[in-house]
Amino acid sequence: MKQKPIARSFKSSTIYMLFIRNRQWLHEASLLVAVLLSLRLLFRIKHTGLFSWLPVQWFSDQLILVMRNCSWFIDTYIFGLNVVCRKAFILYFPDPNSSILIYQGCSGYGELVKTALVFTIYPGSVKQKLWFIPAALLFVFIIAVLRMVCLSLAVAYRPDLWNFVHTRLMTFMFYGALFALWVVYVEYVKPVR
């Protein structure tokens, strides 16, 4: 009785043929699983206290300070609002006697990490990712600063809209921006095979 070589029998197996026919589908499914696992890991890290680990906490604090200073500059010199920086993470508005506390959730830190993870995991050439990921992170940071400016305008002019602007409008703005970045990457940056 003559036996087939193992390599030839594997190439004719059903699993191998299914993999060859559905290679693109398997690639997209594995990408989705990797993104979901990364987001789950980020959620687990956030709720286990790793953000209080010294380098992560320091980076997050520096990000908050830069965002506070940028939004203070835009509020003061472009929109003419009376804004005072109090302590490290507070924007104070003397006219309506109100303030905004900027903490880690408001700093855009999570959105920056999500953006970096999505574009790192998504297929594409390393050469293009080396310039696109920093540009995408800068874009997300600008969106975070614009979010803080919009919240400042809401506090100064329409405090009754604070909840809507903070929880609804700005959440859609962040994830809409992330979706727009993904569309730009897929349609214009990533090379067509």
Whole number in Å², please: accessible area per residue of region 72-184, 1.4 Å probe, ligands, DNA and RNA not counted.
-> 55 Å²
Gain upon complete extension [ILE78, VAL33; 0.36 nm per residue less C-alpha separation] = 11.8 nm
Project the alpha carbons of region 104-183 onto their principal axes and report the range along each, largest first, in whole Å.
-> 47, 20, 16
Cross-link partners among aspartates and glutamates for LYS127, C-alpha distance below 19 Å, same-chain residues fewer than 8 apart left out?
-> GLU187
Order of 141-150, 127-136, 101-110 by packing, highest average Cβ count within 10 Å first?
-> 141-150, 101-110, 127-136
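The values are calculated or read from the model by the stated rules, or taken from the named source; none is laboratory data. Computed from a prediction, not measured in an experiment: that's the story for all the values here. Glycine gets a Cβ as well: all are built from the backbone with ideal geometry, and neighbour counts include every protein chain shown. Accessible surface areas use protein heavy atoms only, side chains included; no ligands, DNA or RNA. Shrake-Rupley method; radii C 1.70, N 1.55, O 1.52, S 1.80 Å.
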